[in-house]
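Below: one structure, written as structure tokens.
Taken together, the values in this text are just the output of simple stated rules run on the coordinates, not laboratory data. Quick caveat: nothing in here was measured; it's all calculated off a predicted structure. Because the Cβ atoms are built from the backbone with ideal geometry, glycine has one as well, and the counts that use them run over all protein chains shown.
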Amino acid sequence: MNLDFLAAGSGGWLSGAGPDSDIVVSTRIRLARNLATFPFSSRASSHQKAEIEQILRDRLGQIELKTPLEYLPLAGLGPLDRQFLVERQLISRELAGGEGARGVAFAPDESVSVMVNEEDHLRMQVMRSGLALESAWECMDDLDNRLERRIAYAFHEEFGYLTACPTNVGTGMRASIMLHLPALEYTRQSEQVFRALQKIHLEVRGLYGEGSRASGHFYQISNQVTLGKNEESILKDIQGVIPAVIRYEKDAREAWSRSDKVALNERIRRALETLRTATMMTSEEAMELLSLVRLGVTMGLVDELTLPVLNQLFIHTQPAHLQKLAGRALDSEQRNAARARYLQARLEGKGPEATGIDSDSTA
């Protein structure tokens, strides 16, 4: 499958249309499942992994969904395409770097993806824009039920669903909310809030989950406990906490604006001007500057841009996306130049297909 068609667009979870989307970027629910008659992926032979992939590919093709999933084998897929799928959040870094038979099935709007032969045989995820736990869970529950009618899952009457990592045993569910929290960081309240979350067994991670850092002031908050609780109680725990985090961020934004509105506005305007005029831009610099502009949009200090455009730019300025848009491999320096050109064009109102990103004469 040629993935170029995905590059110019973005998943529906970046639409900025969901509840509390000024602060909550997206909601994700993930389930880990394994087949009853096979060893976990890390213990499976190459022959067994190939058999697992074939079984799951067939079953995924049999389930009737409103929008059918399209299956993409990863074995033989190049490093750039795999990194592109990671940036798209359709697959994990672990699946991208794995070996042997493995793949991903995903919906055209990228709201659903199912990884095959990651740490577990199945890693299913549903993503929604904004704070939408109930909607995401309804979709996930339906997908899981449809698959379970066709697959014998590894299940224990006492422990629940069996998974490769003991921390996922039980429901096998991780519910996570991605939030944009620049004001909490600026007012130095983020560490206090995160410590409070950890005390009630919620994890705080970076943009790409476990092991990633909080680039651009984006954080994922998810449940730690999957054993001894059912799915509804896990969702209830998160649903009860996230509104408080949102309130803290909103209060911090209001306090920041009251205490230093002129300086805040100047900082946001300088960030926007830098994005519009820079000739070289690293990924880290782009994330930090776009974070400030996104804050300005949600606070009504920047009216020439929209939230969906800003959300899309966070993804499109990542290394693999830039190379997909350019249609060729770029080294680090070329990416920095292409990123700057791309940002200039998009901030002038041009679409991603007409940015002149490939005009670098050093190619």
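Expressed as a whole percent, how much of the Cα-Cα distance distribution for segment 36-123 exceeds 16 Å?
Every Cα pair in segment 36-123 considered, those over 16 Å come to 49 percent.
Sequence neighbours fewer than 8 away in the same chain don't count; with that in mind, list the aspartates and glutamates whose C-alpha is under 16 Å from Lys236.
Glu134, Glu138, Asp141, Glu203
Please give me, ordered by residue number, the trypsin sites (Lys or Arg not before Pro) of segment 1-80 that lie in loop per DSSP and have at most 13 other Cβ atoms within 10 Å.
Passing both the DSSP loop test and the Cβ count: Arg43, Lys66.
Quickly rank 180-188, 118-126, 262-270 as a protection proxy: mean count of other C-beta atoms within 10 Å, highest first.
118-126, 180-188, 262-270
Along segment 11-28, what does the Karplus equation 6.51 cos²θ - 1.76 cosθ + 1.60 (θ = phi - 60°) give for ³J(HN,Hα), rounded to whole Hz, x for Gly and Pro?
Once rounded to whole Hz, the list reads x, x, 6, 9, 5, x, 9, x, x, 6, 6, 5, 10, 8, 6, 7, 10, 10.
Output the peptides 102-114, 323-335 sorted from most to least packed, where packing is the average of other Cβ atoms within 10 Å over each peptide's residues.
Output ranking for 102-114, 323-335: 102-114, 323-335.
Can you pull the three principal axis extents for the Cα set of the chain, in Å, largest first?
62, 49, 33 Å, listed from the longest principal axis down.
For segment 259-354, what is the convex hull (Cα atoms) projected area averaged across all directions, in square nanometres?
5.8
Rounded to the nearest Å, what's the spacing between the alpha carbon centres of segment 58-90 and segment 99-119? Just the number, please.
Taking the Cα centre of segment 99-119 as reference, the centre of segment 58-90 is 4 Å away.
Please work out the FRET efficiency for the pair Phe159 and Thr279, using the Cβ-Cβ distance as r and a Förster radius of 41 Å; give the result to the nearest 0.05.
0.10
Identify all lysines with a Cα-Cα distance to Lys229 below 20 Å; exclude those on the same chain that are fewer than 8 residues away in sequence.
Lys199
Kindly rank 80-92, 151-163 from highest to lowest mean number of other beta carbons found within 10 Å of each residue.
Listed from highest to lowest mean packing, they are 80-92, 151-163.
Going Cα to Cα from Lys324, which lysines come in below 26 Å? Please leave out same-chain ones fewer than 8 positions away.
Lys350
Could you grab the relative contact order for the chain? Cα pairs under 8 Å, six or more apart, rounded to a whole percent.
About 19 percent, as a whole number.
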